[in-house]
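> Encoded as structure tokens, here's the structure I'll be asking about.
The values are calculated or read from the model by the stated rules, or taken from the named source; none is laboratory data. Since we're looking at a predicted model, the values are computed, not measured. We place every Cβ from the backbone using ideal geometry, glycine too, and count neighbours over all the protein chains shown.
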Amino acid sequence: MNEIICMDIFVPVRRKKSGKSAHLNEVISLITLLDDPDESIYSEVKKRFLLLGPPVIPHLETAWENTLDALMQKRIEELIHEIHIQSICNQLKEWREKESENLLKGFLIINRYQYQDLDEKPIIEQLEKIRRDIWVELHEDLTALEKVKIVNHILFEVYQFSGNITNYHAPQNSFLNHVLESKKGSPLLLSVVYILVCNKLNIPIYGVNLPQHFVVAYLNDFINLVDFNDKSLSENILFYINPFSKGILFNHREIDEFLKQLNIEPDIRHYLPCDNVSMVVRCVHNLIHSYAKLGYTEKVRELEQFLNALI
């Protein structure tokens, strides 16, 4: 990389040295080595960039824009992408350990995999708009069934959410922003929308991790995260709801029949609410399946890293 480009991009290094400028100095030095043909040198430079993480991305982008060296551009693209993947892994791990009660945040992190510069504000605003539209129809005297009928009316008749039957395995079905825009999604993502909206309305809806499908359950009351493996929870479930089929209600016996059709031995976990981490893990598994069908092996490997961060 020539000196003129370095000076144009990184004028701040001429200022009095501070912790920030010293850090910037290191980034400049590393960038000047990106066109070195020696792979061992590049390997060390790459390790350092990965340690420095997302804050170096703007500098790498500027360097890419100001060089015509094909090798350097290729390496910068590779670095930015790997830093992004590593950042998502770190965010998922931190979410699992400290913030897993925040379901929306978990799915927003997954969203950033495909939409790196996603503006999350429209997602939050859209969910809030749906919540308000349901809220104006609710009152304290309604039964659980009556509340669900209102939720179903707003989501599936007013907003026209529905399962994406024609393109069931498309990766887009697993990204929250796309589902909110297109009003079509997978069983899991439609259930996530259902849960997020209902929880904001103080309606105790939880996800149920059925094999080959995902549904939600209406409970008598909200439960603590530690309760998810408690078999007595089954007594607290009023009924189940299938958001993929526009909110159709069903019961325990129909889950028995569903599992029988799949030749799957019933397990208590098929009937009880699951935690938020299980839902995000399932989303990653769905994406792995979608990209594998499309032949995107590199994306499959990246998503497997996300699974490791969540387990």
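> For segment 43-81, name all the residues that are over 32 Å from the mean Cα position of the chain (by Cα) and free of Cβ contacts under 8 Å to residues at least 60 places away in the same chain.
L68, A70, L71
> Being under 30 Å from E146 (Cβ atoms), out of contact with any Pro (no Cβ under 8 Å at 6 or more places or on another chain), free of Cβ contacts under 8 Å to residues at least 12 places away in the same chain and not in a loop (DSSP other than H, G, I, E, B), is that true of even one residue in segment 255-262?
Yes: segment 255-262 contains one or more residues that are under 30 Å from E146 (Cβ atoms), out of contact with any Pro (no Cβ under 8 Å at 6 or more places or on another chain), free of Cβ contacts under 8 Å to residues at least 12 places away in the same chain and not in a loop (DSSP other than H, G, I, E, B).
> Given (1) in contact with a Leu (Cβ under 9 Å, 6 or more places away or on another chain); (2) closer than 23 Å to L219 by Cβ; (3) of a type outside the set (K, R), where does E82 come up short, assuming only one miss?
(2)
> Being among the acidic types (D, E), in the same structural domain as V300 (by TED's automatic domain parsing), assigned to a helix (DSSP H, G or I) and surrounded by fewer than 16 Cβ atoms within 10 Å (Cβ to Cβ) narrows it down to one residue among E125, E140; which is it?
Within the list E125, E140, the selection yields E125.
> When only residues in segment 165-214 that are in contact with a strand residue (DSSP E or B) (Cβ under 6 Å, 6 or more places away or on another chain) and not in a strand (DSSP E or B) count, which is nearest to Q126 (Cα to Cα)?
V179
> Exactly one condition in (1) farther than 23 Å from A217 by Cα; (2) crowded, with 19+ Cβ neighbours inside 10 Å; (3) not charged (D, E, K, R) is not met by I154; state its number.
The failed condition is (1).
> Anything in segment 288-303 that is among the polar types (S, T, N, Q) and surrounded by 15 or more Cβ atoms within 10 Å (Cβ to Cβ)? List them, or say none.
The answer is S290, and nothing else.
> Touching a helix residue (DSSP H, G or I) at 6+ places or on another chain (Cβ under 7 Å) and surrounded by fewer than 17 Cβ atoms within 10 Å (Cβ to Cβ): which single residue out of Q160, Q73, Q91, Q172 fits that description?
Going through Q160, Q73, Q91, Q172 in turn, the sole match is Q73.
Here's the yes/no breakdown for (1) in a strand (DSSP E or B); (2) β-branched (V, I, T); (3) surrounded by fewer than 16 Cβ atoms within 10 Å (Cβ to Cβ); (4) free of Cβ contacts under 8 Å to residues at least 40 places away in the same chain:
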position: V216; (1), (2), (3), (4): yes, yes, no, yes
position: I264; (1), (2), (3), (4): no, yes, yes, no
position: N286; (1), (2), (3), (4): no, no, no, no
position: Q305; (1), (2), (3), (4): no, no, yes, no
